[in-house]
1. What residue, of R10, R65, R59, R18, is open to solvent by 100 Å² or more (accessible area, probe 1.4 Å) and at pLDDT 60 or above?
2. Collect the residues in the stretch 122-158 that are part of a loop (DSSP other than H, G, I, E, B) and open to solvent by less than 50 Å² (accessible area, probe 1.4 Å), keeping them in residue-number order.
3. Take the stretch 151-177 and flag every residue that is among the polar types (S, T, N, Q) and within 30 Å of V123 (Cα to Cα).
4. Can you pull out the residues in the stretch 93-121 that are open to solvent by 60 Å² or more (accessible area, probe 1.4 Å) and of a type in the set (G, A, S)?
Amino acid sequence: MAHPPPQYGRPQRGETGRGVAAILTMVIGVLIAATIALVMVLNPVSTPKDTFPTQGAERSESSARQAAQLALDTYSSGSYGDFWDLWSTQSQTVIKREDYVRLFQLCPPLVQDGRFTISSVAVEGDHATVQATGPGDQSEFGFVFEGGEWRYTPPAQQETDYRTKTVDQLAQERRTAGGCGRASDPSAAPSATPSPSPSYGAPTDPSATPSYGSPADPSAVPSYVPSTAPDPSSVPTSFLMQG
């Protein structure tokens, strides 16, 4: 029995539909893959490095230590205006630079040039806690990462005092607590006007003749000036670092 010859020419309609469907499926798959790739490029998945920015060198413990040592050295050298320049922006709003400098003219630290030695630094995000030992005891100092660098932040109680009290009030409180050295402000120092020179020759009023053997008038000496230099080991760091 003879078989019919194979048919050549256009395929049947069912075969054509299946071919078109296969092509469309491939095109849709390619488009979906391209879309997923585009989304991943535009919205990358967060990595631990993005979540914890402290991994960067600028936020490292080493950089925080260097910034803290600079700030503490600046303070201990008596450059209070330069020290204020190292504060955070928010902290600088609680007291003006010139007022901060005047505060130390009215009430200088008891111990000058008391260098601080940093014992530990702990960094958490944009905040760093620094433990440092001064001439007296150990104290804690705060720093915040701002504008690409670590900047000093005074304790919360000090910032409150700066907001609510005048410089004269703050100086008086510290003076009363015994936390001030010799004042350099002329308004707080005894009068430097010389006494009249004694007259040699004609008799003078004995009451006007200066007594060279009598002790100085205690009222002429400010009560807050220590009679002897304080022992650095007995001075609390709260008096050594009042900024």
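1. R18
2. If we filter the stretch 122-158 for residues that are part of a loop (DSSP other than H, G, I, E, B), which is where we start, we get 125-126, 134-137, 147-148, 154-155.
If the condition is that a residue be part of a loop (DSSP other than H, G, I, E, B) and open to solvent by less than 50 Å² (accessible area, probe 1.4 Å), then G125, G134, P135, G136, P154 are the ones that fit.
3. T153, Q157, Q158, T160
4. Of everything in the stretch 93-121, just one residue is open to solvent by 60 Å² or more (accessible area, probe 1.4 Å) and of a type in the set (G, A, S), namely S119.
Here's the yes/no breakdown for (1) modelled with pLDDT under 65; (2) closer than 30 Å to Q66 by Cα; (3) among the acidic types (D, E):
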{"residue": "D126", "(1), (2), (3)": "no, yes, yes"}
{"residue": "E140", "(1), (2), (3)": "no, yes, yes"}
{"residue": "A156", "(1), (2), (3)": "no, yes, no"}
{"residue": "T176", "(1), (2), (3)": "no, no, no"}
{"residue": "D185", "(1), (2), (3)": "yes, no, yes"}
{"residue": "A188", "(1), (2), (3)": "yes, no, no"}
{"residue": "A220", "(1), (2), (3)": "yes, no, no"}
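The values are calculated or read from the model by the stated rules, or taken from the named source; none is laboratory data. The structure presented is a predicted model; accordingly, all values stated were derived computationally and were not measured. Each accessible area value is taken on the protein alone, full model and side chains, heavy atoms only, with ligands, DNA and RNA left out. Shrake-Rupley method; radii C 1.70, N 1.55, O 1.52, S 1.80 Å.
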